[in-house]
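Taking it in order: structure first as structure tokens, then the write-up.
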Amino acid sequence: MLASIYTVLAAGMKYWFLLLAALMVWLLISSSTKEYRERKAVLGEIGEYIGYLEILRGLPEAKGARIGITRDNTIGSGRNADIVIRHPSVQKSHAMIYLKGKKLILSPLTKGVTRINGRRADNAYAVRSGDVITLGAVEVKVYIRPELERAVC
């Protein structure tokens, strides 16, 4: 009995590093699988979207929130807007963001303040991933799906 316990302990001590390596590989694979599933879920949610807007400033309670962009969107504070941003400085139908050909276009609809990267936008302008759009006092950052971004550029 004592000899068999000794044999098991001796084998365990002899190969402990293999057990440790196997444990490390298992942890790496499980964390990678979890991250892959999370990314797949996010991409599945935005699968029908061409990108999203991330709120940067102006709405502290929604900072960091991401709002999907489809091929044709109205941005505003009104109920009829596709992308609703409830803020006193945002007009009911403030701007449109839409895909025209291979370009994502932002077009102001009202006299409300609309800026792209700090410059006032009075007409329709093409926007790219990373551009910062200011709607009244609310700043959002544009992200376009990578495969569409390559087609746009």
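The values are calculated or read from the model by the stated rules, or taken from the named source; none is laboratory data. Small disclaimer: the values here were computed from a predicted structure and weren't measured. No Cβ is skipped: glycine too gets one built from the backbone with ideal geometry, and neighbour counts run over all protein chains shown. Surface accessibility is based on the protein's heavy atoms, side chains included, excluding ligands, DNA and RNA. Shrake-Rupley method; radii C 1.70, N 1.55, O 1.52, S 1.80 Å.
What to note about this one:
- Condition met for Leu99 (assigned to a strand (DSSP E or B) and open to solvent by 20 Å² or more (accessible area, probe 1.4 Å)): yes
- Residue selected from the range 79-96 under the condition closer than 9 Å to Leu135 by Cβ and not small (Gly, Ala, Ser), by the criterion most open to solvent (accessible area, probe 1.4 Å): Gln91
- Count of the range 16-54 residues which are open to solvent by 50 Å² or more (accessible area, probe 1.4 Å), at pLDDT 80 or above and not in a helix (DSSP H, G or I): 1
- Output for the range 108-129, where each listed residue is within 24 Å of the chain's Cα centre (by Cα), among the polar types (S, T, N, Q) and loosely packed, with under 15 Cβ neighbours inside 10 Å: Asn117
- Residue list for the range 102-121, filter: at pLDDT below 90, charged (D, E, K, R) and either assigned to a loop (DSSP other than H, G, I, E, B) or more than 21 Å from Thr70 (Cα to Cα) (or both): Lys102, Lys111
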